[in-house]
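The values are calculated or read from the model by the stated rules, or taken from the named source; none is laboratory data. Just so we're clear, the structure is a prediction, and the values are computed from it rather than from any experiment. Please note: Cβ atoms are built from the backbone with ideal geometry, for glycine as well, and neighbour counts cover all protein chains shown.
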Ligand SMILES: [Zn+2]
């Protein structure tokens with residue numbers, strides 16, 4: 001677009017300078033490259049234009065040289081698009097991400113801009129679902145809510161992250177302390193088919209190094225046998241986020257591990273990779289990197305593998321029902337932020353430590369999470385309560401037969 005403008009400006013300039021194209025034939029050589037004659041050279045067949053008294057083109061308002069975008073928006077912000085960090089720009093409290101970055105992450109974002117709007121160009125089966133276009137303004141005039149259009153060497157469209165989140169129902173979380181913003185697809189429980197039985201298994205440690213309560217340590221050999229059992233018997237180990245397309249699975253099952261022990265990384269993770277099985281780990285964010293607990297880097301690596309969903313088990317593992325409202329809110333909201341900092345993804349499920357919760361807990365939860373899970377209760381039936389998800393406890397004492405019986 002910019003190059004086109006320059007060409008048009010040049011043509012306008014040629015006319016404005018009083019230069020005329022030769023009517024035909026060879027343009028006579030200009031023996032005097034400067035002077036009034038320029039106006040009439042070889043112009044016998046056209047009306048002569050007034051002689052120019054100046055040797056240069058008449059003054060036109062020069063098109064302002066665009067400042068670099070970095071000059072206009074010097075402040076940077078890291079924007080995490082579902083676990084992938086991209087460099088964004090911060091302006092007037094908005095975090096902006098270049099359109100190509102959105103498209104790289106979410107192909108439906110494909111679109112075109114005309115300097116005034118950004119329109120989506122994907123194919124939409126349902127016209128109602130076609131995303132709205134967003135109006136754009138030149139970078140210099142940006143006031144905080146619009147798409148920013150910038151024309152430098154190439155055209156750029158920078159779309160506010162919060163606009164995308166609001167329009168498309170994504171989770172959006174600002175982290176001013178870390179100059180970061182998180183955008184994560186939202187798990188909408190309204191899309192989950194109800195009345196479906198989904199066993200949600202609850203584990204803790206996977207190790208034969210029994211440094212704590214013995215029954216919480218499932219042997220790695222037993223874990224291997226259980227994963228083998230699941231895969232050989234047609235079970236589909238899924239994430240909670242897969243519940244929205246539950247009908248894709250014949251025998252869905254959700255494996256969960258509480259607390260975030262380091263053996264989940266050293267013992268369980270290789271098994272998950274070997275059997276290509278998904279599991280959800282509820283980490284206590286304040287314990288990450290302390291003795292017996294996985295580090296933030298290990299949690300991040302597992303999350304990036306696509307086999308482990310890192311979710312929240314609060315910051316300090318308190319009995320929530322013993323805390324007052326504000327203290328509960330701190331544990332619930334702060335752990336959400338801290339998981340996002342570790343994985344680049346906003347968590348959407350919280351496991352209540354020791355299953356402890358009360359009415360305050362249940363009133364706070366919907367502001368921060370889509371689902372809350374208990375310690376027991378048997379096989380969960382979807383839709384009974386999104387904040388009282390039942391689980392099935394698997395202990396070190398369970399034989400493979402016990403395990404199979406608990407699933408059925
Ligand atoms: Zn726990």
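Values for this structure:
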read-out: Criterion: without any contact (Cβ under 8 Å) to a residue 60 or more places away in the chain, more than 16 Å from the ligand (Cβ to nearest atom) and over 30 Å from the mean Cα position of the chain (by Cα) - qualifying residue of 333, 408; value: 408
read-out: Matching residues, segment 292-315, being free of Cβ contacts under 8 Å to residues at least 60 places away in the same chain and away from the ligand (no atom under 16 Å from the Cβ); value: 295, 296, 297, 298, 300, 301, 302, 305, 306, 307, 308
read-out: Segment 114-143 - residue that is in contact with a helix residue (DSSP H, G or I) (Cβ under 7 Å, 6 or more places away or on another chain) and assigned to a loop (DSSP other than H, G, I, E, B) and, of those, modelled with the highest pLDDT; value: 132
read-out: Test: residue in segment 247-257 that is under 29 Å from residue 196 (Cβ atoms), more than 16 Å from the ligand (Cβ to nearest atom) and out of contact with any strand residue (DSSP E or B) (no Cβ under 9 Å at 6 or more places or on another chain); value: yes
read-out: Answer from 223, 202 - the residue that is closer than 16 Å to residue 407 by Cβ and part of a strand (DSSP E or B); value: 202
read-out: Residue within segment 316-323 that is free of Cβ contacts under 8 Å to residues at least 60 places away in the same chain and away from the ligand (no atom under 16 Å from the Cβ) present; value: no
